[in-house]
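What follows is a short report on a single structure.
The numbers here are math on the coordinates, done by the rules we state, and not lab data. Here the structure is a predicted model, which means the values were calculated and not measured. FYI the Cβ positions are ideal-geometry reconstructions off the backbone, even for glycines, and counts take in every protein chain you see.
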Amino acid sequence: MNNYDKLILDVCGGTGSWSKPYRDAGYHVIVLDPQAFKDTAGGAVCGGEGDVRDPRYHVAGCFGKPVHGILLAPPCTEFSGAGARWWASKAEHSPHLLSDALAVVRACFNLVRVHQPRWWVLENPVGRLRRLIGQPYKHTFNPCDYAGYADDERAQQYTKRTCLWGSFAMPPKDWREPVDGSKMWRMYGGKSAKTKRMRSATPEGFARAFFTANP
């Protein structure tokens, strides 16, 4: 089996940074993201536009080959502990925001159930997702834990504790001192779609490490 026969689904990945090592190695990667829905061949799949909630993706065999692995990064705006101060207000004035976010998470888990990949992983920052779905996370990491895998180690020397659910191998760390501390909100604060995507991008070091442990 060559690498292109191994199908990876990158779900809600935004920048595509998590699946980049797989694309670079010649895997067949399909991105299911409303803002970036084209696969590596340049076209949409199953007639959809990349929203993981689209029922056309939740049919066994719809991709034309078995799914080898699934990377899941549902939007964290309604789950991250960084936004805890607004949870009560949102629950009162915009309750649909949380229900919509949970619908994406449920679709992610259903995608795993339907396609039964060899491995799968779902990430989200520390917050309330664990309580809402009733499932403990398997591991956590900070970008600095895997900075040694990156081309620019210095850019990865910060903290942003992220929780991981799923069935996968956790890669060995190559830690560097977190000299930048928690820099995400300092450098990429705000509510724009662009800054949210930058904050949620998978660190290069961890993406590479994960690939080596889950080929």
Legend entry - Phi to ³J(HN,Hα) by Karplus 6.51 cos²θ - 1.76 cosθ + 1.60 over the stretch 59-74, Hz, x for Gly, Pro: 10, 4, x, 5, 8, x, 7, x, 8, 7, x, 10, 9, 10, 9, x
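If packing is taken as the average number of other Cβ atoms within 10 Å across a peptide's residues, how do 128-136, 9-17, 145-153 rank, most packed first? Working shown, then result.
Numbers: 128-136: 13.7, 9-17: 22.9, 145-153: 18.8.
My ranking of the peptides, most packed first, is 9-17, 145-153, 128-136.
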Legend entry - Simple spin-label estimate for K138 and A103 in nanometres, 7 Å along Cα-Cβ: 2.8 nm
Inset, instruction - Amide H neighbours of H139 under 5 Å, at least 5 residues apart or on other chains, H built in the peptide plane: list them. - result: L164
Inset, instruction - Work out, step by step, the length gained on full extension between N3 and W175: first 0.36 nm times the residue separation, then minus their alpha carbon distance; give nm to one decimal. - result: 59.0 nm
Legend entry - Backbone HN-Hα couplings from phi across the stretch 106-115 [Karplus 6.51/-1.76/1.60, Hz, Gly and Pro as x]: 4, 5, 4, 5, 5, 4, 5, 4, 6, 9
Legend entry - Above-threshold pairs, the threshold being 21 Å between Cα atoms, out of K20/K183; K138/K160; K90/K138: K20/K183; K90/K138
